[in-house]
1. Just need a number here: residues in region B:42-92 that are over 18 Å from the mean Cα position of the chain (by Cα), open to solvent by 60 Å² or more (accessible area, probe 1.4 Å) and either more than 14 Å from chain A (Cβ to nearest Cβ) or not polar (S, T, N, Q) (or both).
2. Just to check your reading of the model, which residue among B:LEU194, B:LEU172 is farther than 14 Å from B:PRO49 by Cα and crowded, with 16+ Cβ neighbours inside 10 Å?
3. How many of the residues in region B:10-22 are crowded, with 18+ Cβ neighbours inside 10 Å and at the interface with another protein chain (Cβ under 7 Å from one of its Cβ atoms)?
4. If you check B:LYS147 against the conditions, is it at the interface with chain A (Cβ under 8 Å from one of its Cβ atoms), open to solvent by 50 Å² or more (accessible area, probe 1.4 Å) and free of Cβ contacts under 8 Å to residues at least 12 places away in the same chain?
5. For the list (1) at pLDDT 95 or above; (2) open to solvent by less than 30 Å² (accessible area, probe 1.4 Å), I need the number of the one condition that A:GLN167 fails.
6. Quick check: anything in region A:43-56 of a type outside the set (D, E, K, R), in contact with a strand residue (DSSP E or B) (Cβ under 7 Å, 6 or more places away or on another chain) and within 24 Å of A:ARG82 (Cα to Cα)?
7. Would you mention how many residues in region B:120-171 are of a type in the set (Ser, Thr, Tyr), in a helix (DSSP H, G or I) and over 14 Å from the mean Cα position of the chain (by Cα)?
8. Can you give me the ranges of the strands (runs of 3 or more DSSP E) entirely in region A:33-123 with at least 3 residues that are under 24 Å from B:PHE294 (Cβ atoms) and within 19 Å of the chain's Cα centre (by Cα)?
Amino acid sequence: MKKKAIRYAMLFDLRKCIGCHACAVACKSENNVPLGVWRSWVKKVEKGQYPNSKEFFLPLVCNNCEKPICVTVCPVWASIRRPDGIVYIDPHRCIGCRYCMAACPYGVRYINPLKKIAEKCYWCHHRVDAGLKPACVMACPTDAIIFGDLEDPESEVAKSVTKNAVQVIKPEIGTAPHTFYIGLDIAAVEAKQERER
Amino acid sequence: MDVQVLYNIIHQDAFGLNIAIYFYLTGLSAGSFILSTLAYGFGLEKFKPLGKVGVVVATIVLIIAPFFLLIHIGMPSRAWHLFVYLNMASPITWGSFLLILYPINCIIYGYFMFKEHMKLTRIFGFIGIPLAISVHGYTGFILAFGKARALWNTALMPILFLVSAVVSGIALMILVVIIKDRFFSKEKKIDKELILSLGKLMAWMIVFDLFLVASDLIVLSISHSDAQAAAHLILAGKFSPLFLIVENLLGKIIPFIILIVPRFRTLPWIIVASILVVVGIFFMRYVVVVGGEFAPLL
């Protein structure tokens, strides 16, 4: 059988997630993410009233979509989808027009306050290319994050995605996200924080 | 059931005031240009005094507009990337060429108009109309491509922008023509006939604009949950004072009443209506751009 091309994917097993923010901290440290912006973060939502209540965690990273709208709208090809599925930003190409930020349905992009260009999670492609796992995967104390090649049937991520009921965030947008979740609660996605003006 | 967000991050705004101003200025420019071609392209003699004023205003406003883009982008020194690395799928790429071609065409069209070369003026006027429509229409596509933002992601956005551009263009023309006639013409006499027919034109464009806004709102309020939230934001939420009172009541409905009721058909009232429209359309851009990205996505 001919080996298919690599297609990276990430899976969050929310049954194991304890909401410790270790992934967010590791990401900040690995990628030199400035103060005030995040490449990965954990949204926390509480359903119900004590004692009949439960906290739900939603760790968020870039979905590295199959049909990324950020790549469509980038006027200068600074956002590119690699053949292995990782969507990354060329830091020398980006003009900081913020259109990708406006278009991203997941709000994962930010303007680096120091470099003035768009940045986001790209599954630590510098580590992945060197044969390592992304920083958040290594930091997770409960092994709730699985990363690997979705097209390799023997990989842990392919097995887990196949054998579990998985969801993605906002499938209706039509971007075909490749960050999957086991045990995703709809309230954790849809609950919105009131914003001050 | 109670659902409470205990922790989430606050996202940066993508667009904001600069982009709203930029959209507003391109709209004013496109509207003025289209009015200018009414006489010199389509031969409507009564609008002839608008020709030269229209093209001068259209050119000046469009030369100012891109500076708001340069302020907005993080790396203005890399703006040349827009002309070298072309992603033709991105509306910004369409715009970077339109923003070069359209002012050049405006200048050529204006040059022949001032040289009284009617045939070439007509030709460049007709070239300019699709350019003017595109230079503002593309800004509607910029927002419509933001497919997660319910207020932006509608096929009505380009036409909504164009109609409001024409409305604001007429209002600006009325004000500019009055100032020009009053202070800079030989006779110091205002062409009241022209102002009144412009007022009539503006009144019916306002009706068209209100129809489009209403269509958008009706569909938003029965569409998916994010769309309903967007409709709520502008009808009853934080942007409702700006949207309902400033944009629609003061900026459209009151000027429309002033323009159609016969006893208000006097110069001072038309000036008031035009000022209200010019300000109201600015807040239309502001509500669409800033309101559209106000609601958090996650």
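The values are calculated or read from the model by the stated rules, or taken from the named source; none is laboratory data. Because the structure is a prediction, the values reported are computed rather than measured. FYI the Cβ positions are ideal-geometry reconstructions off the backbone, even for glycines, and counts take in every protein chain you see. Surface areas here come from the heavy atoms of the whole protein model, side chains and all, with no ligands, DNA or RNA. Shrake-Rupley method; radii C 1.70, N 1.55, O 1.52, S 1.80 Å.
1. Summing the residues that are over 18 Å from the mean Cα position of the chain (by Cα), open to solvent by 60 Å² or more (accessible area, probe 1.4 Å) and either more than 14 Å from chain A (Cβ to nearest Cβ) or not polar (S, T, N, Q) (or both) in region B:42-92 gives 15.
2. Details: B:LEU194 fails: farther than 14 Å from B:PRO49 by Cα.
When all the criteria are applied, what remains is B:LEU172.
3. We begin by selecting, within region B:10-22, every residue crowded, with 18+ Cβ neighbours inside 10 Å; these are B:11, B:14-15, B:19-22.
Checking the rest, the ones that are also at the interface with another protein chain (Cβ under 7 Å from one of its Cβ atoms) come to B:11, B:14-15.
Counting residues in region B:10-22 that are crowded, with 18+ Cβ neighbours inside 10 Å and at the interface with another protein chain (Cβ under 7 Å from one of its Cβ atoms) gives 3.
4. On the way: at the interface with chain A (Cβ under 8 Å from one of its Cβ atoms): yes; open to solvent by 50 Å² or more (accessible area, probe 1.4 Å): yes; free of Cβ contacts under 8 Å to residues at least 12 places away in the same chain: yes.
Here the answer is yes, as B:LYS147 does meet what is asked.
5. (2)
6. Here is the first cut: in region A:43-56, the ones of a type outside the set (D, E, K, R) are A:45, A:48-53, A:56.
So of that shortlist, the ones also in contact with a strand residue (DSSP E or B) (Cβ under 7 Å, 6 or more places away or on another chain) come out as A:45, A:48, A:53, A:56.
If we keep only those that are within 24 Å of A:ARG82 (Cα to Cα) too, we end up with none.
Among the residues of region A:43-56, not one is of a type outside the set (D, E, K, R), in contact with a strand residue (DSSP E or B) (Cβ under 7 Å, 6 or more places away or on another chain) and within 24 Å of A:ARG82 (Cα to Cα), which makes the answer no.
7. To start, the set of residues in region B:120-171 that are of a type in the set (Ser, Thr, Tyr) comprises B:121, B:134, B:138-139, B:154, B:164, B:168.
Going one step further and asking which of them are in a helix (DSSP H, G or I), we end up with B:121, B:134, B:138-139, B:164, B:168.
Next, only the ones that are over 14 Å from the mean Cα position of the chain (by Cα) stay: B:121.
The number of residues fulfilling the criteria is 1.
8. Numbers: elements: A:41-49, A:52-60, A:79-81, A:87-89.
Here the list reads A:41-49.
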